[in-house]
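The values are calculated or read from the model by the stated rules, or taken from the named source; none is laboratory data. None of these values were measured; they are calculated from a predicted model. Cβ placement follows ideal geometry from the backbone for every residue including glycine, while neighbour counts extend to all protein chains displayed. These accessible areas exclude ligands, DNA and RNA; they are computed on the full protein's heavy atoms, side chains included. Shrake-Rupley method; radii C 1.70, N 1.55, O 1.52, S 1.80 Å.
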Amino acid sequence: MDWNDSSKSSDSLQWIGEDEEEVNSNTVPFHSSSNFNTHEASTSAGPHSSLFSYFVGMGFSKNMVVKAIKENGEGNTNAILETLLTYSMIEKSPSECELIPYDTDSSESKMDDLDQLSDISSCLGDEETIEHLSDREKKFLQLMDMGFPIDDASSALEKCGPDTSIMELMDFISAAQIGKIHNPQLHPILDENKPGSSNFHTTPDKKRKKLFEAEERWQKKVDSWRRRQKESYKERKKSLLHEDEETVRVPKPMKGFGLPNMQMTVFNRKIPSEAIGPPFFYFENVALAPKGVWDTISRFLYDIQPEFVDSVYFCAAARKRGYIHNLPIQNRFPLQPIPPLTIQDTFPLSKKWWPSWDKRTKFNCLNTCTASAKLTERIKKALESWDGEPHPKTQKYILFECKKWNLVWVGKNRAAPLDPEEIEVLMGFPKHHTRGGGTSRTERFRSLGNSFQVDTVAFHLSVLKKMFPHGISVLSLFSGIGGAEVALHRLGIPLKNVVSVEISNVNRNILQSWWDQTNQKGNLIHVADVQKLSIDRLEELIKSLGGFDLIIGGSPCNNLTGSNRVSRDGLQGEQSILFYEYFRVLNDVKFLMGKV
């Protein structure tokens, strides 16, 4: 996972995150354009407030207008109107024609979605499509299509009423415009030859022709919208049906093959003979990957069933990951001491300032943006406007932002983002781990974004302690800041040899610094590029080190994470395709060590 410093604010950092579900999330967010005064939320459309007023005057809600203007820009009134009409259709009949989200994480809900799709098909008929629009909305759109200015169309409907015919509305607008033309103080003289100007001196025949043409355009738009909805319905249904063909499904909750202090469930887990270790292997990546990704990974890694685990059971933060490995699953044990499992126990100083209405006990996945100073200042001002407990609407807004950005309470009415040291604690690293190598704050966040959650991984690797009491040789692919090495060290397994394959110079410096500070006695060998780790180079390493006991790593998840809407291309993406390098190296090592 890599960071993208895409924020406009200098104090806001962004990395590509997962499509993670929120922990304890039952709030509905306010629109990001909302500002909070003493008693209620108010919105503004910016400098062109007249545009905002026109649409609000038509009967659209303020929040809906702000959202439509933000999406389409202030210069495209037709696009704004079409967006508002679409919102209005959805809002008016949510139970009859509910839109199904395209990113459904729950595999159990797929059949329910198919049932919903069958019901939705009845919402796409000719009559239903048009009936969702009111007479006022239909006529307003027709007047806009005919070229009348938005303010004139709105004024005509306001004064004449929605029951007035289109012809009468046209006459009203024409008369009003003629009056303005004769009074230059009210309106400048229209240039009939200027593109975009309306000719208000048309004859009745021309009016009827114009009306007919506008109605034709209107019908074409309705037909086009209907076709898009039907195609969307068909594609969604096809997608859901294909998802049923997947063999690997992400369970809920994600508890893997067992958790600390939990009775082991009996699993029918089969490891093919050609995959039995040593060497042992351990592969990690995001659990909520695009459809078919885990099927492909499993197929390449000897058809071994993934173990899906949420790190929320090992620390105070969620981190949903899938692991494919050939390690035993009996007699595991957790790292000691057991880390705190709630926010307040992890950061006890926050208890003093934690409001009673913030019920969070866990953080969401630690792969979201770092909140800006502007956001935390808005939260502070929103709370300071209330003498006592804030209004429920204000609470909902603040809780949404706190969950989204993983904010902690650090003072009266003050919420702040986690700093690198706090993230290190949650991820199971020693404090100041990412300061090694002279890295900047930005680089520290980026490095933590690439890391394992140490306690979770250590629980899986704990079975190796009895097997390798005198030390272990590790080939660490995509090793990042050394999450696997830290886990093995904390388990008390000596690191005899570690070949760390990591392209980031910053991450290599962090691992080297930790290696030196912990007085490791073994060999640490750095390799910059996994694609240059040829079979000849592997053969040299195996001969000099005597082979590898463990091959561990997690290939980049940039093209797998749910928040990456630009290049979520699965295992064919530019970064995530490196999974096949993990498979290649694993096969080469097994071949060279005579295991195949």
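With the whole protein complex present, Trp357 retains an accessible surface near 30 Å², based on a 1.4 Å probe. For the stretch 464-596, the per residue solvent-accessible surface stands at 42 Å², with DNA, RNA and ligands left out and a 1.4 Å probe. Spherically averaged projected area of the convex hull of Cα atoms, the stretch 252-335: 6.2 nm².
Stokes-Einstein diffusion for the stretch 333-470 at 4 °C, viscosity 1.567 mPa s, with a Kirkwood radius from C-alpha pairs, works out to 77 µm²/s. The residues of the stretch 273-413 expose, per residue, 41 Å² of accessible area to a 1.4 Å probe. In sequence order, the stretch 512-519 has phi-based couplings of 5, 4, 4, 4, 5, 5, 9, 6 Hz under the Karplus curve 6.51 cos²θ - 1.76 cosθ + 1.60, θ = phi - 60°, and Gly or Pro positions carry x. In terms of packing, defined here as the mean over residues of other Cβ atoms within 10 angstrom, the peptides 450-457, 572-579 line up highest first as 450-457, 572-579. Structure note, pairs Lys252/Lys374; Lys139/Lys393; Lys351/Lys380; Lys270/Lys320; Lys351/Lys393; Lys320/Lys496: Cα-Cα distances above 26 angstrom occur for Lys252/Lys374; Lys139/Lys393; Lys320/Lys496. Rolling a 1.4 Å probe over the protein heavy atoms leaves Tyr397 with an accessible area of roughly 10 Å². 3J(HN,Hα) couplings calculated from phi for the stretch 164-171 with the Karplus curve 6.51 cos²θ - 1.76 cosθ + 1.60 (θ = phi - 60°) are, in sequence order, 5, 5, 4, 4, 5, 5, 5, 4 Hz; Gly and Pro show x. Probe radius 1.4 Å, ligands and nucleic acids ignored: give me the carbon and sulfur share of the accessible area of the stretch 314-469 as a rounded percent. After summing per-atom areas, the C and S share lands at 54 percent.
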